[in-house]
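Asker: First, the structure itself, so that you have it in front of you.
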Amino acid sequence: MDPRLSPRSQQELDLEDEELHRHQATQPGSTVTISYAAPALVRSQITSWTTLAWGDAIATALFATNAATVLGIVRSDDALKGRHGRGMTLLIAASYGAILFNSIAALASLLVIDRLRGIEFYEAGNKARRTGEGNVPKGFSSWDLLADYGARRHVRWMLIQWAIYSVTGASLMLMQLIVYMWLSEGFALSLTFTVLAGVACVGLFFTHITGKFGLC
């Protein structure tokens, strides 16, 4: 350390030097260290996200198939043939929306898997990469950890789009089923199952949110 520099200014210079090395190491033409292995916690997060994406790809494909099946039933239902109105329009819109967004969500899941698999490879070519030792600060999210170990910003945008398409597709599929039930069944039965479905969804989201933020 230069004695003419204060500890603070020396630290700032060290940070700038580290940032410069990291920038240079990530430029095209950098070599890739084939012996590099991401820390165990990072690899477990990549595996968890990949498993979730595979499961969502299968689920959304099934949701799209289910929505297409219900649409076929609607088209062949004699009680609904020639029927018009807002309810019928909403049913058809929800049906096509469920097919479309669940199909896009399934495709997005596969693209997310591809991006997740590239995180460790990208970090292997980063000469200024972090070591496999140390601690994760409190409040660090799974994404924060991946971002520190090779996940680029576009990976985050892929995850956000994937989540939006998946939630939208699932919501439209539930809407399709509920609207079809209201058009073809009695008031009491439709109201009962609509309330039950609403309570079930609210319960799931409440449990997820409270668990995520450590409230219960």
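The values are calculated or read from the model by the stated rules, or taken from the named source; none is laboratory data. The model shown is predicted, which means the values in this text are computed figures rather than measured ones. Using ideal geometry, Cβ is built from the backbone for each residue, glycine included, and neighbour counts are taken over all protein chains shown.
Asker: Those residues that are hydrophobic (A, V, I, L, M, F, W, C) and not in a helix (DSSP H, G or I), I need them from segment 142-168; list them, please.
Answerer: Hit for segment 142-168 is A151, nothing else.
Asker: List pairs: first residue in segment 139-168 and touching a residue at least 40 places away in the same chain (Cβ under 8 Å) and in the same structural domain as W49 (by TED's automatic domain parsing), second residue basic (K, R) and in a helix (DSSP H, G or I) anywhere in the structure, Cβ distance under 9 angstrom, at least six positions apart or on different chains.
Answerer: Close Cβ pairs (under 9 Å, with a partner that is basic (K, R) and in a helix (DSSP H, G or I)) amount to L146/R156; V155/R115; M158/R115; L159/R115.
Asker: Yes or no: G72 touching a Ser or Thr at 6+ places or on another chain (Cβ under 9 Å) and either under 17 Å from L177 (Cβ atoms) or modelled with pLDDT of 85 or more (or both)?
Answerer: Here the answer is no, as G72 does not meet what is asked.
Asker: Does segment 97-110 include one or more residues that are at pLDDT below 85 and surrounded by fewer than 17 Cβ atoms within 10 Å (Cβ to Cβ)?
Answerer: No, there is no match, as no residue in segment 97-110 is at pLDDT below 85 and surrounded by fewer than 17 Cβ atoms within 10 Å (Cβ to Cβ).
Asker: Out of all the residues in segment 30-49, which are buried (at least 16 other Cβ atoms within 10 Å of the Cβ) and modelled with pLDDT of 85 or more?
Answerer: Q45, I46, W49
Asker: Which one of S190, S171 is without any contact (Cβ under 8 Å) to a residue 24 or more places away in the chain, under 19 Å from D77 (Cβ atoms), in a helix (DSSP H, G or I) and not hydrophobic (A, V, I, L, M, F, W, C)?
Answerer: Just one listed residue meets the conditions, S190.
Asker: May I ask you to verify whether R83 is among the basic types (K, R), modelled with pLDDT under 95 and in a helix (DSSP H, G or I)?
Answerer: Judged against the criteria, R83 is not a match.
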